[in-house]
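I have placed the structure first, in the form of structure tokens, so that the comments after it can refer back to it.
The values are calculated or read from the model by the stated rules, or taken from the named source; none is laboratory data. The structure displayed is predicted, hence computed values, not measured ones. All Cβ positions, glycine included, derive from the backbone under ideal geometry; neighbour counts span all protein chains shown. Note: areas computed on protein heavy atoms with side chains; ligands, DNA, RNA excluded. Shrake-Rupley method; radii C 1.70, N 1.55, O 1.52, S 1.80 Å.
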Amino acid sequence: MMGLMASEEIRTVETRTAMSPTPRGAGAATNTPETTPGAGRTRAWATRLVVVGIMLSALNLRPAITSLGALLEEVRDGLGMSGSVAGLLTSVPPLCFAVFGVMAPRLARRFGPAAVVCAGMAAIAVGLVVRPYVGNTAGFLAASALALMGIAVSNVLMPVIVKRWFPDRVGSMTGLYSMALAAGTSLAAALTVPLTDAMGGNWKSGLVVWATIAAAAVLPWLPLLRDRGPADARPQEPAPETAEAQAPLRITRSRTAWSLAVFFGLQATAAYITMGWMPQIFRDAGVPAGTAGVLLAVIMVMGVPLAFVIPRVATRLSHQGPIVLVLGVCGLAGYAGLYLAPSGGAWAWALLLGVSNCSFPLALTMVGMRARSGPGVAQLSAFAQSTGYLISIPGPLLVGVLYQQSGGWGLPIALMAALMVPQMVVGFIAGRDRTVEDEATN
């Protein structure tokens, strides 16, 4: 979802397809209808292929994480992994997203976004096949990092591809993409344990099965490998915002940018703690393993409807702070219930935490609203997301350490609740009606 970093490149991707040099104004669509029947049929066929590729790819952007969370206890026992090392394992996703995600725009310029996403899906498939069978913790971590590298670059480039192929349907396609992502997240959480039981109870089989979907996601991109996308695009004339876009932004001088980066990092911390540890919390409270996976699926599936609703509400408000507060209160209530009655009210706590977990689409919406120009959005997105993912790395690791040292979940849950308070504060500040250009332009 970090594809806003490449927004300057994708604004005029398809002007090359025009049969005559028609001048374009600020709000003109970037795609040009083909003027021959054969070209139109080719375009329609390729568009359908891209839709399939987007949906299959989105399905693969979280199962590597949530399938592991559902079987973390079995993986720890099978590899002799301590609680601290398990915490390190749950910190690997944001680390990989921070490190490898920033490489995606450069790779896309050189090879084309379709080729990079195709390679990303292949990396996910290979990583998921290899990691259960390497036989040691270091190899498991390395194979997981390979899969997460594929997820990281695909995270960034999926929105780029949506913008390139569907410039007039960005909202609807992003909604479908978000729905598929949430569906893949929740399906892996809910089905991993039942699939493992059906295959003889071997956790290795339960993890490797998700590689088949990643392998299938490679196929739609193969005919599109020569599509260079934004790497070949050149605008025919400057957009009216060019003068403003050329004004340098010292993004670190913007209080709004820092608030948004910290908000992004704290909500990512909560999300990766949830994906990595929540099934174990429920299991230790006496909830059966299969039910614990379904509870994680409930938390994740809340993102399907709310990913449509929250951005639409946010864009209608001049200040998004009230939404931040509502989501934060739901999180605090969920953590309180998890501490006081983890098994008795498990379904209620899962619903509350699922609502709170939808700070992610709100953060992405605010990135687009806190800058006026395309380059400003790209710069803000790069800063907020890279800084945010770095901030989120210690959280899951610290939860593992606290769990191991205390022998229970009281301290880790208290930490999760405590982190929700600054998330609400910085989110409220980031939601104010102002732009980084006002704060960071020389």
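One line per residue, one yes/no per condition, for (1) open to solvent by less than 10 Å² (accessible area, probe 1.4 Å); (2) free of Cβ contacts under 8 Å to residues at least 12 places away in the same chain; (3) out of contact with any helix residue (DSSP H, G or I) (no Cβ under 8 Å at 6 or more places or on another chain); (4) among the aromatic types (Phe, Trp, Tyr):
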{"residue": "Ala115", "(1), (2), (3), (4)": "no, no, no, no"}
{"residue": "Gly120", "(1), (2), (3), (4)": "yes, no, no, no"}
{"residue": "Ala123", "(1), (2), (3), (4)": "no, no, no, no"}
{"residue": "Val134", "(1), (2), (3), (4)": "no, yes, no, no"}
{"residue": "Leu141", "(1), (2), (3), (4)": "no, no, no, no"}
{"residue": "Ala147", "(1), (2), (3), (4)": "yes, no, no, no"}
{"residue": "Met158", "(1), (2), (3), (4)": "yes, no, no, no"}
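When Ala363, Ala341, Ala261, Ala346 are checked against the criterion of being among the small types (Gly, Ala, Ser) and open to solvent by 10 Å² or more (accessible area, probe 1.4 Å), a single residue qualifies: Ala341. Can you tell me which residues in the stretch 184-202 are open to solvent by less than 30 Å² (accessible area, probe 1.4 Å) and not hydroxyl-bearing (Ser, Thr, Tyr)? Selection gives Gly184, Ala188, Ala189, Ala190, Val193. Pairs are defined by a Cβ separation below 9 Å, a sequence spacing of at least 6 or placement on different chains, a first member in the stretch 342-369 that is closer than 20 Å to Val326 by Cβ, and a second member that is polar (S, T, N, Q) and part of a loop (DSSP other than H, G, I, E, B); the pairs so defined are Leu362/Gln320; Thr365/Gln320; Met366/Gln320; Met369/Gln320; Met369/Thr435. Looking only at the stretch 93-113, residues that are in a helix (DSSP H, G or I) and either within 18 Å of the chain's Cα centre (by Cα) or modelled with pLDDT of 90 or more (or both) come to 12 in all.
Looking at the structure I just gave you, is Arg106 free of Cβ contacts under 8 Å to residues at least 24 places away in the same chain and either under 25 Å from Thr212 (Cα atoms) or open to solvent by less than 50 Å² (accessible area, probe 1.4 Å) (or both)? No; evaluated as a whole, the condition is false for this residue.
The set of residues from the stretch 42-61 being surrounded by fewer than 24 Cβ atoms within 10 Å (Cβ to Cβ) and not aliphatic (A, V, I, L, M) comprises Thr42, Arg43, Trp45, Thr47, Arg48. Please determine whether any residue of the stretch 212-229 is open to solvent by 40 Å² or more (accessible area, probe 1.4 Å), in contact (Cβ under 8 Å) with a residue 12 or more places away in the chain, touching a Phe, Trp or Tyr at 6+ places or on another chain (Cβ under 9 Å) and of a type in the set (A, V, I, L, M). Yes: one or more hits.
Close Cβ contacts (under 8 Å, 6 or more residues apart or on different chains) running from residues in the stretch 314-331 that are of a type in the set (Ser, Thr, Tyr) to residues that are in a loop (DSSP other than H, G, I, E, B) and open to solvent by 70 Å² or more (accessible area, probe 1.4 Å) comprise Ser318/Asp433. Residues in the stretch 294-332 that are open to solvent by less than 20 Å² (accessible area, probe 1.4 Å), out of contact with any Gly (no Cβ under 9 Å at 6 or more places or on another chain) and over 19 Å from Ala268 (Cβ atoms) were compared, and the one that is modelled with the highest pLDDT is Leu295. One residue alone among Ala378, Ala384 is part of a helix (DSSP H, G or I), modelled with pLDDT under 75 and buried (at least 21 other Cβ atoms within 10 Å of the Cβ), and that residue is Ala378.
Scanning the stretch 394-442 for residues that are among the hydroxyl-bearing types (Ser, Thr, Tyr) and modelled with pLDDT of 85 or more yields Tyr403, Ser406, Thr435.
In summary, Ile273 fulfils each of the numbered conditions (1) surrounded by 24 or more Cβ atoms within 10 Å (Cβ to Cβ); (2) β-branched (Val, Ile, Thr); (3) more than 20 Å from Pro394 (Cα to Cα) with the single exception of condition (3).
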